[in-house]
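Single-structure report; data block below.
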Amino acid sequence: MSIKTLFARYPVLEKTVPHVELGNWPTPLERLPGISAEPLLLIKREDLSHPLYGGNKVRKLELILADVLRKGFPEVITSGGLGSHHILAVAALGREVGLRTTGLFFSQPVNEHVKKNLLLEVEFGAEMHYVRNYLGVALNYLRYYLGRRFNPRRKTYLLMPGGSNALSSLGYIGAVVELEQQLREQGLPDPEALFVAAGTGGTAAGLLAGIALTGMETKLHAVRVVPPILLGRRKIVSLARSSLKLLARRGADIGEAVRRLESRLYLEEGYLGEGYGYATAEADAAINRFQESGIRLEGCYTGKAAAACLDYCAQKEGTAGSVLFVHTASTTHQECEQAELEPKLPPEFRWCFSGSPCDKQ
Ligand SMILES: Cc1ncc(COP(=O)(O)O)c(C=O)c1O
């Protein structure tokens, strides 16, 4: 399934949208009545999308990596915070299709989850560079860009943080088509609200475009986990529009979907706390509630989205209908061997393990 459900609905896309199948599709759609029965809480298990490293990046990367391979680049350069799930996914899935990954890392609060992710980067074979902040990211992209311009043999594919663009958001349009099919199979109505964590906004944009395209009567609640300067309503709607227009250019009939975008989006802005990567009491409480039902979340993205989702369910308690939570963080990856991997970490990252958190921010 995955994007193939989209291809089944618009057969022309099979030929016009390059795609490499990497994930486990469809991801399960489950009920969580122990957390909320009225409205019924549903969960889309994107965390299980790939056996080595799941989460929301897999659908995006099935399209991006196909583009990289088609253009003949042997290496992807991308960036993210120290605990970036995006760089991890590029490294894990890129390796599967024979590509090298270089990651540029900027600071974020260092906790156990971040440390574990840094060690996984080593395990997945990423080349790692610490660039401190957003300025460092921009300067390094410029450096690689110029390097490529003046040395055509240096073929590097520059991928923006989060891998969010019109092409990769098609993956989440596919996810909505897949979801719609699962709802019908399970005899469930369209959920009234769908909750997802929003960082660079590509996942939310794809979901929004998918909801608009299928005509589902669902409101997307995008839960912002980054400062307002990095993500606003306009960015999500504009990315969703670009993605729909890309579909149209590739031959699909998108009907009136673009007109429905604005009305289907609600941006949740009250769950960020002190900033990107900072823990909040609401997210910690949500992580514990989900843990009791056997669902493992983390604090940077899914915990905050779950906190918004629980507040919504509490407000609507006792009403019919359903609410969907999209679980976007991998839970399939193995625990890593700290003793074996820590010595292999580049020296510029060792401070993260020295017990002086945030000393480089
Ligand atoms: C676990 C998790 N959830 C949600 C997101 C947000 O995805 P996007 O950047 O497409 O908004 C990310 C992005 O890194 C993530 O790692």
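Sum -39500 (n - 2.57) across every DSSP H segment of at least 4 residues in the chain, then divide by the residue count to get the 222 nm mean residue ellipticity, nearest 500. Display every interim value, and only then the final one.
Numbers: 13 runs with 152 residues, N = 361.
After summing the helix terms and dividing by the residues of the chain, the value is -13000 deg cm²/dmol.
Using DSSP, restrict attention to beta bridges with both residues in the chain and report what percent are antiparallel, rounded to the nearest 5. Each step should come with its number before you reach the end.
Values: 4 of 37 bridges.
Taking every DSSP beta bridge with both residues in the chain, the antiparallel ones total about 10 percent.
What size of dipole, in debye to the nearest 20, comes out for the chain about its Cα centre when the only charges are +1 on Lys and Arg C-beta atoms and -1 on Asp and Glu C-beta atoms? If you can, show how the numbers build up before the last one.
Values: 42 positive and 38 negative charges, 379 e Å.
About 1820 debye.
Within 10 Å of each residue's Cβ, count the other Cβ atoms and sort Thr214, Thr302, Thr331 from fewest upward. Please list the in-between numbers first.
On the way: Thr214 19, Thr302 32, Thr331 16.
Arranged by neighbour count, lowest to highest, Thr214, Thr302, Thr331 become Thr331, Thr214, Thr302.
Based on the mean of other Cβ atoms within 10 Å per residue, sort peptides 129-138, 24-33, 196-205, 333-342 so the most packed one is first. Before the final figure, lay out each step's value.
On the way: 129-138: 15.0, 24-33: 17.2, 196-205: 28.7, 333-342: 13.0.
Descending packing order for the listed peptides: 196-205, 24-33, 129-138, 333-342.
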For segment 1-111, the percent of all C-alpha pairs falling in each 5 Å bin, from 0 up to the bin holding the max distance, is 2, 11, 17, 18, 17, 14, 10, 6, 3, 1, 0
Counting only the backbone N, which residues of segment 152-193 are under 17 Å from the spot 7 Å out from the Cα of Ala248 toward its beta-carbon? 166-167, 170
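Average the reciprocal distances over every distinct pair of alpha-carbons in the chain, invert the result, and give the Kirkwood radius in Å.
Working: mean 1/r = 0.0485 Å⁻¹.
The Cα-based Kirkwood calculation yields 20.6 Å.
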Most to least packed among 271-280, 147-156, 239-248 [average Cβ atoms within 10 Å]: 239-248, 271-280, 147-156
Ser293 versus Arg100, label points 7 Å from Cα toward the beta carbon: distance in nm? 4.5 nm
Could you give the radius of gyration (one decimal) and Dmax (whole number) of the Cα atoms in segment 115-238, in Å? 18.5, 58
Taking 41 Å as R0, compute the FRET efficiency from the Cβ-Cβ separation of Ala339 and Leu188 and round it to 0.05. 0.30
Taking 0.36 nm per residue of separation and subtracting the Cα-Cα distance, what length does fully extending Glu127 through Arg9 add? 38.5 nm
Once fully extended, how much extra length lies between Glu112 and Glu269, figured as 0.36 nm per residue of separation less the alpha-carbon to alpha-carbon distance? 53.9 nm
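Any read-out appearing in this document is the output of simple, stated calculations on the displayed coordinates, not a laboratory observation. Not measured: the values here are computed from a predicted model. Quick reminder, even Gly has a Cβ in these numbers, built from the backbone with ideal geometry, and neighbours come from all protein chains shown.
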